[in-house]
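Asks: Here it is: the structure, laid out below.
The values are calculated or read from the model by the stated rules, or taken from the named source; none is laboratory data. Since the structure is predicted, the reported quantities are computational estimates derived from the model, not experimental observations. We place every Cβ from the backbone using ideal geometry, glycine too, and count neighbours over all the protein chains shown.
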Amino acid sequence: MNANGFQRYIIAATNLAEAEQIAQDNGLRRREWTYAYCGYPTRQLKDGLRVDSEDRLLGDFKPEERWLLTAHLDKGRTHDV
């Protein structure tokens, strides 16, 4: 986390191994990113994740997931999913 309490990068992937590959492909060290999901057998976003800019989201996020992770950035947006 950075000084504001935000994760540097959040990665959406089918599983942790795929997330690790995305991080490696983007030149990230392990402490620079987090896997977006938890829960088994159903996958859900981890609680409390936030980013300080939308370009910190890597991988294939659903539109509603992207909105949840970035809603604090622009209070004027609406959720049209």
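Asks: State yes or no: is Asp80 modelled with pLDDT of 90 or more, out of contact with any Leu (no Cβ under 6 Å at 6 or more places or on another chain) and surrounded by fewer than 16 Cβ atoms within 10 Å (Cβ to Cβ)?
Replies: no
Asks: Filter the stretch 14-59 down to residues that are of a type in the set (A, V, I, L, M, F, W, C) and closer than 22 Å to Ala71 by Cβ and give me whichever is modelled with the lowest pLDDT.
Replies: Narrowing the stretch 14-59 to residues of a type in the set (A, V, I, L, M, F, W, C): 16-17, 19, 22-23, 28, 33, 36, 38, 45, 49, 51, 57-58.
Those still in the list that are closer than 22 Å to Ala71 by Cβ too: 33, 36, 38, 45, 49, 51, 57-58.
Working: Trp33: 95, Ala36: 95, Cys38: 92, Leu45: 94, Leu49: 91, Val51: 88, Leu57: 97, Leu58: 98.
Out of the qualifying residues, it is Val51.
Asks: Could you list, in sequence order, all residues of the stretch 28-66 that are free of Cβ contacts under 8 Å to residues at least 24 places away in the same chain and in a strand (DSSP E or B)?
Replies: Hits for the stretch 28-66 are Cys38, Gln44.
Asks: From the set of residues in the stretch 3-13 that are part of a loop (DSSP other than H, G, I, E, B) and closer than 16 Å to Thr70 by Cα, which is modelled with the highest pLDDT?
Replies: Arg8
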